[in-house]
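Peer 1: The structure follows.
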Amino acid sequence: SRYAEQVPVCFAFETALWTYDGPGGWHFLTVPTSVSEQVRALGAGRHGNWGTVPVTAIIGGTQWKTSIFRDTKRGGYLLPVKGAVRKREQL
């Protein structure tokens, strides 16, 4: 059932913050390939528009709800990191 209870899954990883070179100055974390493969397997058939997956992200002491989305160039997922999080965590 699409309303079946979902069990939370947690992934921890370290990666570098980078800035998109296009308009907007977006900042991202690239989700490692091994984690991306697990996310893809867990979310089979349940992804949103543009391959998005809703997540609760945690960096340091900051937690927020967002979505990761498919990175067609790298084959994994990207996690956008908003300015308020970067400022709070001094990134």
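Peer 1: May I ask you to work out the translational diffusion coefficient for segment 11-91 at 37 °C, viscosity 0.692 mPa s, via Stokes-Einstein with Rh from the Kirkwood sum over Cα pairs, reported in whole µm²/s?
Peer 2: On the way: Rh = 13.3 Å.
D, rounded to a whole number, is 248 µm²/s.
Peer 1: Please give the length that would be gained between T66 and W26 if that part of the chain were fully extended, namely 0.36 nm times their separation in residues minus their C-alpha to C-alpha distance (nm, one decimal). Provide the component values of the computation, followed by the final result.
Peer 2: Values: separation 40, 0.36 × 40 = 14.40 nm, distance 1.40 nm.
Length difference between fully extended and current span is 13.0 nm.
Peer 1: I would also like to ask the following. Give the ranking of E89, E14, E37 by solvent-accessible surface, highest area first, calculated with a 1.4 Å probe.
Peer 2: Sorted descending by solvent-accessible area, the residues read E14, E37, E89.
The values are calculated or read from the model by the stated rules, or taken from the named source; none is laboratory data. Computed from a predicted structure; not experimentally measured. For the accessible areas, the whole protein counts, side chains as well, though only heavy atoms, and no ligand, DNA or RNA atoms are used. Shrake-Rupley method; radii C 1.70, N 1.55, O 1.52, S 1.80 Å.
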